[in-house]
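One structure below.
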Amino acid sequence: MSDLSTQTLAAAYLIHGEEDLLRLEAIDNVRTAAREQQYNEREVVVIETGFDWASLLASVQSVGLFADKKLLEMHIPSGKPGKEGAAMLQQLAEQLPDSTCMLLILPKLERQQLQSKWFASWAKVAQVYDAKAISQAVLPQWIKKRLAEQKLAIDNDALALFADKVEGNLLAARQEIDKLALIHPAGHVVTLAEAQAAVANVARFDVFQLSTAWMSGNSERMLRLLDGLAAEGNEPVLLLWVISEDIRTLLRLLAALKQGKSISELRQSLRLWGDKQTLAPQAARRIGVKHLLRALQTCAHIDRLIKGVEDGDAWTEIKHLFLTLAASTACR
């Protein structure tokens, strides 16, 4: 979100998305601008199951003629306001109160919420900010830009190390950038040695990142994620669930494509979000039905290892399965 310090605060803002840091920064941006522009009252409402929407509407409509300007924050942690809430949100958007800046805060929204009437109503009157995740491909440039804002530069090797160490964790990345700004003077170029000394290994080893890693055939990144998950004490049963679901998705995808369906038609039913929309079809064709069915049999074997029915090390077998799928090509 752009700097609001020199702009007149809008009547409404809608902030949503999956990247926590960017969402928090956007919220703080609105709060700071509200304080600077004499919005002296701030009301925070957390909307969960059973929330009294009528009381909120009454509170909004009861603002007096000479009341202080107010920032009204509405947090919906689930992202789903429900039927009554959807109607109330639409009504609020259509009848924005005077002297009040409305800030609606939500997590990442699914397609159903983005296509809802209440969202469309807010999109017409509010400034909407989507805190999208920063992909690994874009992360180096994001880091470089953030360092430049601190009047620091960084050499290419140091930048590559930085991006690798803070993979998937922008909150940690910002902390490390702030740390470098404290250590070094303006105009300094961060070297590889300095990055190695200053940047902590704060990569968030997210189990769901494994899907994009193995589907793209990136064995090196996949092994790094697996080792990180093991070091963090994750149970192999969670990884088995992820890989089993991925394999079944690819099998369903191949069957549907064979029937002449398009990827766009299957995106919703198979939950092919983000990079998966491109990577899943590529992986399915690369591996083929025979290898995918064989992989499902391996999953059943690993399940028996986890339950103690058969002897063997589940982590070793899981790692071998991921490596096999990442390297597999369809039988010709």
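Here are a few things to note about the model shown:
- The set of residues from the range 255-305 being more than 15 Å from TRP214 (Cα to Cα) and among the acidic types (Asp, Glu) comprises GLU265, ASP303.
- Qualifying positions in the range 29-88 - β-branched (Val, Ile, Thr) and either surrounded by 13 or more Cβ atoms within 10 Å (Cβ to Cβ) or not assigned by TED's automatic domain parsing to the domain that holds LEU109 (or both): VAL30, THR32, VAL45, ILE47, VAL60, VAL63, ILE76
- Yes/no for LYS108 being of a type in the set (Lys, Arg), in a loop (DSSP other than H, G, I, E, B) and in contact with an Asp or Glu (Cβ under 7 Å, 6 or more places away or on another chain): yes
- Residue-level check: of (1) assigned to a loop (DSSP other than H, G, I, E, B); (2) at pLDDT 90 or above; (3) more than 27 Å from the chain's Cα centre (by Cα), ARG35 misses just (1).
- Only one entry in GLN175, GLN91 is more than 19 Å from LEU22 (Cβ to Cβ), of a type in the set (S, T, N, Q) and either modelled with pLDDT under 90 or assigned to a helix (DSSP H, G or I) (or both), namely GLN91.
- Selection status of ALA256, in contact with a Ser or Thr (Cβ under 9 Å, 6 or more places away or on another chain), closer than 30 Å to LEU109 by Cβ and modelled with pLDDT of 85 or more: yes
- The numbered conditions (1) in a helix (DSSP H, G or I); (2) surrounded by fewer than 18 Cβ atoms within 10 Å (Cβ to Cβ); (3) not hydroxyl-bearing (Ser, Thr, Tyr) are all true for VAL309 except (1).
- Of ALA137, ALA172, all but one fail to be crowded, with 19+ Cβ neighbours inside 10 Å and closer than 18 Å to ASP206 by Cβ; the exception is ALA172.
- Evaluation of ALA123 against the conditions (1) closer than 25 Å to ARG35 by Cα; (2) of a type in the set (Gly, Ala, Ser); (3) surrounded by 15 or more Cβ atoms within 10 Å (Cβ to Cβ) shows that the sole unmet condition is (3).
- Of all the residues in the range 174-229, those that are of a type in the set (Val, Ile, Thr) and within 15 Å of LEU240 (Cα to Cα) number 1.
- GLY17 falls short on exactly one of the conditions (1) out of contact with any Leu (no Cβ under 9 Å at 6 or more places or on another chain); (2) at positive phi, and that condition is (1).
The values are calculated or read from the model by the stated rules, or taken from the named source; none is laboratory data. The shown structure was predicted, so the numbers you read here are calculated from the model rather than taken from an experiment. Cβ atoms come from the backbone with ideal geometry, glycine included; neighbour counts cover every protein chain shown.
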